[in-house]
1. Just the residues that are without any contact (Cβ under 8 Å) to a residue 40 or more places away in the chain, assigned to a strand (DSSP E or B) and either over 22 Å from TYR183 (Cβ atoms) or out of contact with any strand residue (DSSP E or B) (no Cβ under 9 Å at 6 or more places or on another chain) (or both), please, taken from the stretch 208-222.
2. Given the residues GLY82, GLY145, GLY49, which is the only one that is in contact with a Leu (Cβ under 8 Å, 6 or more places away or on another chain) and within 23 Å of VAL37 (Cβ to Cβ)?
3. Quickly run through the stretch 150-183 and pick out the residues that are of a type outside the set (A, V, I, L, M, F, W, C), out of contact with any Phe, Trp or Tyr (no Cβ under 6 Å at 6 or more places or on another chain) and in contact (Cβ under 8 Å) with a residue 60 or more places away in the chain.
4. Is it fair to say ASP147 is within 20 Å of the chain's Cα centre (by Cα) and touching a residue at least 24 places away in the same chain (Cβ under 8 Å)?
5. Residue check, PHE198 against (1) of a type in the set (Phe, Trp, Tyr); (2) surrounded by 15 or more Cβ atoms within 10 Å (Cβ to Cβ); (3) without any contact (Cβ under 8 Å) to a residue 60 or more places away in the chain, all met but one. Which one?
6. Filter the stretch 65-82 for residues that are part of a strand (DSSP E or B) and either exposed (fewer than 14 other Cβ atoms within 10 Å of the Cβ) or among the basic types (Lys, Arg) (or both) and give the result.
7. Confirm whether LYS43 is over 25 Å from ASN216 (Cα atoms), crowded, with 16+ Cβ neighbours inside 10 Å and out of contact with any His (no Cβ under 8 Å at 6 or more places or on another chain).
8. Name the single residue, out of those in the stretch 54-64 being in a strand (DSSP E or B) and of a type outside the set (S, T, N, Q), that is farthest from THR127 (Cα to Cα).
Amino acid sequence: MKRIFIIFLVLFICGQVSGQEKTKISTDRPSQSESTVVIPVKKLQLETGFSFEKVNDRINNTTYNSSVFRYGLVENIELRMGIQYLGTEISLDGGDIDENGFGPITIGGKFFLKEESETMPALAFLTTLFIPNSGSSAFENNNLGADFRLNADYSLNQGMALGANLGVIWSGKENEDYAIGFYSTVIDISLNDKVGVFAELYGYLPGEGKNDHRWNGGLTYAVNNDLQLDFSTGIGLSKVSPDFFISLGLSIRMP
């Protein structure tokens, strides 16, 4: 674990000494759909936020902080590291259960595959690994987990774009040794140079159990070219889905 933090500390320093990026920041927050955009070479970007999820009348999940560091390694390839501090509250007839702690550390990369054309979307491939035994006991995974996704983006016009993800997830948890399919489709609309809105449908298709479909929507506000604030909220569409969820966050590109 220490080696992972040292590597990303070195990358942070490299990002600090590189030149100022003039284009507006592009992020993978707050929608669940990952974009095809890759961080420019030697640039470092932090995307962080808070979320609350009401699963039902008895269970609430809180992500006190979820942070992803993205670094442009070479052209068309970025490295990623993620950390989370989580909480869950379960109300039972015999008493309440309240757990807090770190989730597993994630590492991975995004690989840009092709530019958008008139008839075909831009494509990228995202890999994420969940490091075993790197989180608190209540949230850790005993085995290596993985999330593989194919990302697609297609511009409808200058201010509107479609995005989609298809992927498969293995959590690495002891009692979840099966693959979970993932899908998402999102429409992004730029209202002006600073404000954007989105609406999204996404879901999880487990190898065992019932499918989990959700709707999500929100907005982003660009404070400047290197700082973005975001808000999103959504509801579950299936019996096994959470009742509702809400998220607040910010993203910053290091100068």
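1. Within the stretch 208-222, LEU219, TYR221 meet the criteria.
2. On the way: GLY82 fails: in contact with a Leu (Cβ under 8 Å, 6 or more places away or on another chain); GLY145 fails: within 23 Å of VAL37 (Cβ to Cβ).
Of the residues listed, the single one that is in contact with a Leu (Cβ under 8 Å, 6 or more places away or on another chain) and within 23 Å of VAL37 (Cβ to Cβ) is GLY49.
3. Matches in the stretch 150-183: ASN151, ASP153, GLY163, ASN165.
4. Here the answer is yes, as ASP147 does meet what is asked.
5. The number of the failed condition is (3).
6. In the first step, residues of the stretch 65-82 are kept if they are part of a strand (DSSP E or B); the result is 65-74, 77-82.
ARG70, VAL74, ARG80, listed by residue number.
7. Details: over 25 Å from ASN216 (Cα atoms): yes; crowded, with 16+ Cβ neighbours inside 10 Å: yes; out of contact with any His (no Cβ under 8 Å at 6 or more places or on another chain): yes.
Against the criterion (over 25 Å from ASN216 (Cα atoms), crowded, with 16+ Cβ neighbours inside 10 Å and out of contact with any His (no Cβ under 8 Å at 6 or more places or on another chain)), LYS43 qualifies.
8. Within the stretch 54-64, the subset in a strand (DSSP E or B) is 54, 59-64.
Narrowing further to those that are of a type outside the set (S, T, N, Q): 54, 59, 64.
On the way: LYS54: 28, ILE59: 30, TYR64: 24 Å.
Filtering first and then ranking leaves ILE59.
Rule-based calculations on the coordinates, nothing more; no lab input. Quick caveat: nothing in here was measured; it's all calculated off a predicted structure. Neighbour counts run over all protein chains shown; Cβ positions are idealised from the backbone, glycine included.
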